[in-house]
1. Using DSSP to call loops (not H, G, I, E or B), can you name the GluC sites (Glu not before Pro) in the range 98-164 whose Cβ has at most 14 other Cβ atoms within 10 angstrom?
2. Given a cut-off of 20 Å, name the pairs among K51/K164; K52/K178; K52/K164; K52/K90; K51/K169 whose C-alpha atoms lie farther apart than that in the structure shown.
3. Checking the a/c ratio against 1.5 first, then a/b against b/c, what shape does the Cα gyration tensor give for the range 92-176?
4. For the range 88-144, state which trypsin sites (Lys or Arg not before Pro) are in a DSSP loop and have at most 12 other beta carbons lying within 10 Å of their beta carbon.
5. For the range 128-156, list residues with backbone N below 17 Å from a point placed 7 Å from the Cα of E103 toward its Cβ?
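Please treat every number below as a calculation from the coordinates, not as lab data. Please read all numbers here as calculations on a predicted model, not as lab measurements. Reconstructed Cβ throughout: ideal geometry from the backbone, glycine too, with neighbour counts over all protein chains shown.
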Amino acid sequence: MLVGMLVKCSINSIEIENISHSVTLVPRLKYSINILNDVIDVLNDKQIQIKKANQGLIHDFDESDKLHTVALKLEHLVTFSLEILLSVQKNMGRISNISSIPEILPSTIPMIRIVSAQLFELIPNCSQKLSEISVHLGSIVIDSAALTTARFDFSQSNYESSSKLNEVKLMVDSKLSKQYPNLDFLKLCNT
């Protein structure tokens with residue numbers, strides 16, 4: 001009788017632990033999404049400002065003027081960062097239940113960290129918020145994996161993340177090359 005009570009007690013404590021973990025996932029995920037939305041808003045505003053400021057460079061670009069080159073690189077960085085975060089936002093919107101978390105989120109965390117590092121000097125507040133999001137999402141992934149007994153293939157997550165980063169870089173390069181048709185935009189941003 002005592003052994004049965006101990007077994008029942010340990011099972012209940014495991015169930016309670018799983019319930020408490022799953023209950024805490026939703027608020028952390030919502031919090032992370034809200035912070036991500038705030039950062040996206042800031043970057044969107046920054047992109048609009050930079051694009052307006054760079055309008056004159058379409059016709060009056062001087063490759064020897066370091067300010068012109070820096071201005072274009074800045075636009076590329078902000079546009080790339082914004083597009084990556086929009087992709088992350090879209091992925092997070094695909095989360096439908098707890099079992100989808102370990103499938104969707106692991107590849108987004110490295111992308112968030114890369115954008116955070118790139119924005120560190122330019123927009124430190126956004127960089128800090130992105131670092132915070134990556135910590136929250138990491139804990140959400142671990143907790144959801146524990147609840148669903150999911151396994152991770154980090155090489156696959158890294159591959160997916162790298163593929164997405166390359167895809168977005170090509171898209172941004174193309175978009176800005178069309179915006180500045182008289183410039184060798186790829187050469188400028190890769191030097």
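1. Of the GluC sites (Glu not before Pro), the ones in loops of the range 98-164 whose Cβ has at most 14 other Cβ atoms within 10 Å are E121.
2. K51/K164; K52/K164; K52/K90
3. Note, shape of the range 92-176 comes out oblate.
4. Within the range 88-144, the qualifying trypsin sites (Lys or Arg not before Pro) (loop, at most 12 other Cβ atoms within 10 Å) are R94.
5. 141-142, 144-154, 156
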